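The block underneath contains the structure these notes are about, expressed in structure tokens.
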Amino acid sequence: MGAKILIVEDEAALVVALRDRLRKEGFEVSAANDGLSGFDRATSEAFDLIILDLMLPGQSGLTVCQKLRQVGSNTPILMLTARRQTMDKVAGLRTGADDYLTKPFQMAELLARIDSLLRRAAQTTGTGASHHQFGSIHIDVRRAEISRDGEPVALSAKEFQLLRYFVEHRGATLSREELLHEVWGYGVAPSTRTVDVHVAGLRQKLENDPKNPQWILTAIGLGYKFAGRLRNPRG
């Protein structure tokens, strides 16, 4: 079987359609129809990706996403929403979702988003240094784990991939468009706001003073630059 995907969605017809198509694509698929059971499945079994609806009975998708990140889950999360307001999408990204898709959507677009998330997640086990350290931050690349002052830091899969890209391109000014292309894998950038939301999340979790960052700096009118002085504690 291929990658394991959990669908957390209360619309039965959509679950059937998604499950059938994903299984035809070679994925192993499980499903939950409310927030509480979705969280239980996501924390009791190992999944490669979670498709999570925003509006769910029991607990909202936002709450489920936030709780998963709080308990240290780095599983990529693709959030589905019937809403078109920008703030709903921003809220999903802020709670730790890696991507979002607005209903109704084309199955081809869903498959492309899934492929991108799985591919980017797999790259965290690629070649290169297995550990990095700057200040009190320690990165274990192979385990996709972050600690600050010896305490674990819960990052979403996309936050981890973004941080890793920053670290691997230390000192370079990186445009939002480059980050979207290289980290998110989009051929056409949907919104540079996506990058800003994830950078803000990293600053909140890693910087002593997020409003005056010392690690991830803003290059006004250009993008962002990672300015941490790297050490390689364990190669």
Notebook entry, point to check: Could we say that Ser44 is more than 28 Å from Thr192 (Cα to Cα), polar (S, T, N, Q) and out of contact with any Gly (no Cβ under 6 Å at 6 or more places or on another chain) here?
Noted result: yes
Item checked: Complete set of residues in the stretch 64-74 that are within 18 Å of Val90 (Cα to Cα) and in contact with a Ser or Thr (Cβ under 8 Å, 6 or more places away or on another chain) -> Cys65, Gln66, Leu68, Arg69
Next item on the list: Mind counting the residues in the stretch 57-76 that are touching a Phe, Trp or Tyr at 6+ places or on another chain (Cβ under 8 Å) and open to solvent by 20 Å² or more (accessible area, probe 1.4 Å)?
Entry: 4
Notebook entry, point to check: Of the residues in the stretch 15-56, how many are more than 16 Å from Leu68 (Cβ to Cβ) and surrounded by fewer than 16 Cβ atoms within 10 Å (Cβ to Cβ)?
Noted result: 9
Margin query: Cβ contacts < 6 Å: first residue open to solvent by less than 40 Å² (accessible area, probe 1.4 Å), restricted to the stretch 100-113; second residue of a type in the set (Ser, Thr, Tyr) and outside any loop (DSSP other than H, G, I, E, B), any location; separation 6+ or different chain. Result?
Written below: Thr102/Thr81
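Just to verify a result, which residue in the stretch 139-161, among those that are in a loop (DSSP other than H, G, I, E, B) and hydrophobic (A, V, I, L, M, F, W, C), is surrounded by the most Cβ atoms within 10 Å (Cβ to Cβ)? Lay out the reasoning, then the answer.
Here is the first cut: in the stretch 139-161, the residues in a loop (DSSP other than H, G, I, E, B) are 141-144, 149-150, 154-156.
Adding the requirement that they be hydrophobic (A, V, I, L, M, F, W, C) leaves 141, 144, 154-155.
Details: Val141: 20, Ala144: 16, Ala154: 18, Leu155: 24.
Filtering the stretch 139-161 for residues that are in a loop (DSSP other than H, G, I, E, B) and hydrophobic (A, V, I, L, M, F, W, C), the one surrounded by the most Cβ atoms within 10 Å (Cβ to Cβ) comes out as Leu155.
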Next item on the list: Identify the residue in the stretch 107-128 that is touching a Leu at 6+ places or on another chain (Cβ under 9 Å) and modelled with pLDDT under 90 and, among all such residues, is farthest from Leu14 (Cα to Cα).
Entry: Ala121
Next item on the list: Please name all residue pairs, on different chains or six or more residues apart, with Cβ atoms under 8 Å, provided the first residue is in the stretch 200-216 and is open to solvent by 40 Å² or more (accessible area, probe 1.4 Å) and modelled with pLDDT under 95 and the second residue is assigned to a loop (DSSP other than H, G, I, E, B) and aromatic (Phe, Trp, Tyr).
Entry: none
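The values are calculated or read from the model by the stated rules, or taken from the named source; none is laboratory data. Since the structure is predicted, the reported quantities are computational estimates derived from the model, not experimental observations. Reconstructed Cβ throughout: ideal geometry from the backbone, glycine too, with neighbour counts over all protein chains shown. Accessible surface areas use protein heavy atoms only, side chains included; no ligands, DNA or RNA. Shrake-Rupley method; radii C 1.70, N 1.55, O 1.52, S 1.80 Å.
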